[in-house]
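Asker: Here it is: the structure, laid out below.
Just so it is clear, none of the values below were taken in a lab; they were calculated from the coordinates. The structure displayed is predicted, hence computed values, not measured ones. Neighbour counts run over all protein chains shown; Cβ positions are idealised from the backbone, glycine included.
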Amino acid sequence: MAPVVEVADLQREYAMGEDRIYALRGVNLTLERGEFVAVMGPSGSGKSTFMHVVGLLDQPTAGTYRFEGAEVSHLSADERADIRGRRLGFVFQAYNLLPRTSALENVELPMVYAGVPERERKTIALAKLEMVGIADLAAHHPNQMSGGQQQRVAIARSLVNDPGLILADEPTGALDTKSSQDIMHLLTRLNEAAGITVMLVTHEPDVAAYARRIVTFRDGLITGDSINERRAA
Amino acid sequence: MNIKATLRLALAALIRNKTRSLLTMLGIVIGVAAVIITVAIGVGARTSVQASINSLGSNLIVVQPGSVTQSGARTGFGAASTLTPADGLEIAKLPGVAAVSPTVSLRTQVVAGENNWQTTITGVAPTYTFIRSWGLSAGRFFNQNDVTSDAKVAVLGQTVAGQLFPGGTSPIGQTVIIKGAPFTVIGALDPLGQSGLGQDQDDVVLIPYTSAMERLTGLTTVNTLMVSAATAAQIDGVTQSVTSLLEERHRIVPPQTDDFQVRNLQAIAQTASQTGAILELLLAGVAAVSLVVGGIGIMNIMLVSVTERTREIGLRMAVGARAGSIMRQFLAESIVLATIGGLIGVAAGGVGALGLALLTHWPTAVPLQWVLASVAFSALVGIFFGYYPARQAAALSPIEALRFE
């Protein structure tokens, strides 16, 4: 089976006025199915740009990117949108839930764009809320939930289309220690029990400690790639 | 995404911001309500003018005696009494004339047994019912023989019949006394109701004009000559030829002024209705401007909404929304907003028109095509003013949008 992510000599540069900024300078990485990898590095190291390219929110300027075996570096905006909706799941630091909208409807959102029939959407969304342990909050609006609960809704939302990869961008950045641990336990459980591939972007070693593999970025290049020996539990 | 899903999304977004949505709609609501009320009054007025003209008869031309004096000089014999039945007979021979009837009217008391009633006695020709498009509810109308023999026969209007013969007694065959002379009732007219001027048109007794002149007025002249043109297109031509004929018969040469007046009501009606229509269009135009202003309000709020919901747009893109879906969603929001505003406006305008009708007793009518046009125009306003904000939303890059603070 093809690796979930396979990038070779991946480059991304921006024009910033007169200057050119080289955010990625030739990154090579392969992510196998079922991996749980943490991407670390200081700000400006290129880890966020890397996540955007892997998440098909951005396009590389050079290099190849094969997602689940298919070359995706030159797809149109619509084709990338379709893959994002059907094969990728996103979890953001700020949860990014729709305000004044129930948890259930928030979880349904990706399926609306993927064209899943309404009745099916409800069933699946409820099942995913059950999976992250907050099925009882299905009717609650984001402002009626704690940060940890909101992030669980966001994780449920990332799961609904059975994605090949979940991208979590600083998922605990806005949470207290206890909630952070809960969220990381949840991601770990999803990875181990459900075999979901997770790529976590963080600059916190405590959080990265939950991953099985840690990749470190610096100045647009991967400077470290190791198996996490002392994994947190 | 299909249309239903897009509309559902748009509706959900609008409901999330109820107050703002309602306030945004307000411009459209007021605009459409103004259009509907304006049109309702205009159309109502025109309809009632048209109806009162039509109730006077089809293709009607009325010849009346003219003014008696002109700059102090007498221009005719008698007090505006220049028209004779003979004039009528000659007019009837003109091409394009379908029927002519003289009318001789006076108000007097009519007696039947123990009941009496003051009403208008009008002497007319048998063609009168045709000219006025007036049918009979019972009995018969008088014929040429009755006219030739000054027959003492009468046909009663509904009001008179009801007053003289209460309790549903049939008046046919009964005798009524008019100025001491007994007349036999031979028929009763269909009810016509009030005229445009609020006159009870059924408060009348029709008798042969010869009988009226002979037995009631004692004059050789008549009050008016009612002429019916064969078709509406011939009204102007007949008006011309009647004028020429009467000038010749009355030996009027310039610079003398005519001692009669030929008026065709259709022309008056047309002028009235054209004036009404222009005014109506003008007011509707002003109201339409307020619709456009309402549209600008929608654009303004939609632009604010796009900025405010930048992160939401970024998220939607991240979870699989194509630029086109975002575009359609925002466009749908403004269309739904404008259309609902239009519908509320139609309802408000309808209620307003009804209220106005009840308060002022002006007739009002809301034609369906104006309702449809207002709602369609509202939707167009929504599309037009929603397009730019929707394009702004769709053009956002997902990364920038997600990062937006």
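Asker: What number in nm² do you get for region A:1-87 if you take the convex hull of its Cα atoms and divide its surface by four?
Answerer: That works out to 6.2 nm².
Asker: What is the protein assembly as shown by shape, rounded, prolate or oblate, if you read a ≥ b ≥ c off the alpha carbon gyration tensor as root eigenvalues and call it rounded for a/c under 1.5, prolate for a/b larger than b/c, and oblate otherwise?
Answerer: Prolate.
Asker: Give the calculated FRET efficiency between A:Thr223 and B:Leu22 to the nearest 0.05, with a Förster radius of 56 Å applied to their Cβ-Cβ distance.
Answerer: 0.50
Asker: Could you size up the charge dipole of region A:1-135 around its Cα centre, putting +1 on the beta carbon of Lys and Arg and -1 on that of Asp and Glu, and report it in debye to the nearest 20?
Answerer: For region A:1-135, the charge dipole is close to 300 debye.
Asker: So, one more: At R0 = 60 Å, how high is the FRET efficiency between B:Leu358 and B:Thr184 if r is their beta carbon distance? Nearest 0.05 is fine.
Answerer: 0.85
Asker: On to the next question. Looking at A:Gly17, A:Phe92, A:Ser102, which one has the Cα that reaches farthest to the positive end of the dipole of region A:1-153 (charges on Cβ: Lys, Arg +1; Asp, Glu -1)?
Answerer: A:Ser102
Asker: What GluC sites (Glu not before Pro) does region A:5-81 have in DSSP loop regions with at most 15 other beta carbons within 10 Å?
Answerer: Loop-located and lightly packed - A:Glu18, A:Glu32.
Asker: Which whole-number percentage describes the relative contact order of region A:102-192, with Cα contacts under 8 Å and a sequence gap of 6 or more?
Answerer: About 32 percent, as a whole number.
Asker: If you don't mind, another one. Whats the longest run of chain B with zero trypsin sites (Lys or Arg not before Pro) that are DSSP loop and have at most 15 other Cβ atoms within 10 Å?
Answerer: B:252-405
Asker: Counting alpha carbon pairs within less than 8 Å and at least 6 residues apart, what relative contact order, in whole percent, applies to chain B?
Answerer: Once normalised by length, the contact order is 29 percent.
Asker: Viscosity 1.306 mPa s, temperature 10 °C: give me the Stokes-Einstein translational D for region B:217-306 in µm²/s, with Rh taken as the Kirkwood radius over C-alpha pairs.
Answerer: Value of D from the Cα-based Kirkwood radius: 87 µm²/s.
Asker: Can you give me the span-like helices of chain B, meaning DSSP H runs with 18 Å or more of Cα extent along the axis and Kyte-Doolittle mean at or above 0.0?
Answerer: What comes out of the filter, once short or polar helices are dropped, is B:3-16, B:18-54, B:265-308, B:323-360, B:368-394.
Asker: I need to check one value: relative contact order of region B:179-247, counting alpha carbon pairs closer than 8 Å and at least 6 residues apart, in percent.
Answerer: 16
Asker: Right, something else. Which angle between 0 and 90 degrees, to the nearest 10, do you get for helix A:77-87 versus the longest principal axis of chain A when only C-alpha atoms count?
Answerer: Tilt relative to chain A: about 60 degrees.
Asker: Could you state the per residue volume, in Å³, of the convex hull enclosing the Cα atoms of region B:249-401?
Answerer: Per-residue hull volume (Cα only) is 174 Å³.
Asker: Count, for each residue of A:53-61, the Cβ atoms from other chains sitting within 10 Å of its Cβ, then give me the mean as a whole number.
Answerer: So the per-residue partner count for this stretch is 2.
Asker: Can you tell me the FRET efficiency between A:Asp206 and A:His140 if r is taken as the Cβ-Cβ distance and R0 is 41 Å, rounded to the nearest 0.05?
Answerer: The calculated FRET efficiency here is 0.90.
Asker: Per residue, what volume in Å³ does the Cα convex hull of region B:211-253 take up?
Answerer: Output value, Cα hull per residue: 93 Å³.
Asker: Under 5 Å between amide hydrogens, which residues at least 5 positions from A:Ala168 or on another chain qualify, with H placed 1.01 Å from N in the peptide plane?
Answerer: Result for A:Ala168 returns A:Val91, A:Met199, A:Leu200, A:Val201.
Asker: Against the longest alpha carbon principal axis of chain A, how many degrees, from 0 to 90 and to the nearest 10, is the axis of helix A:118-131 turned?
Answerer: Helix A:118-131 sits roughly 80 degrees off the main axis of chain A.
Asker: For chain A, what value does the Rg/Rh ratio take when both radii are computed over Cα atoms and Rh is the Kirkwood radius, given to two decimals?
Answerer: Ratio value, two decimals: 0.96.
Asker: GluC sites (Glu not before Pro), restricted to region A:127-233: which are DSSP loop and have at most 14 other Cβ atoms within 10 Å?
Answerer: Filter output for region A:127-233: A:Glu229.
Asker: Which semi-axes, in whole Å and largest first, does the equivalent ellipsoid of chain B have when worked out from the alpha carbon gyration tensor as the square roots of 5 times its eigenvalues?
Answerer: Largest first, chain B gives 68, 25, 16 Å.
Asker: Next question. Working from Cα positions, state the angle (0 to 90°, nearest 10) between the long axis of helix A:103-114 and the longest principal axis of chain A.
Answerer: 50
Asker: Along the charge dipole of the protein assembly as shown, which of B:Pro182, A:Met145, B:Gly139 sits closest to the positive end, that is, farthest toward it, with unit charges on the beta carbon of Lys, Arg, Asp and Glu (+1, +1, -1, -1)?
Answerer: Going by the Cα projections, it comes out as A:Met145.
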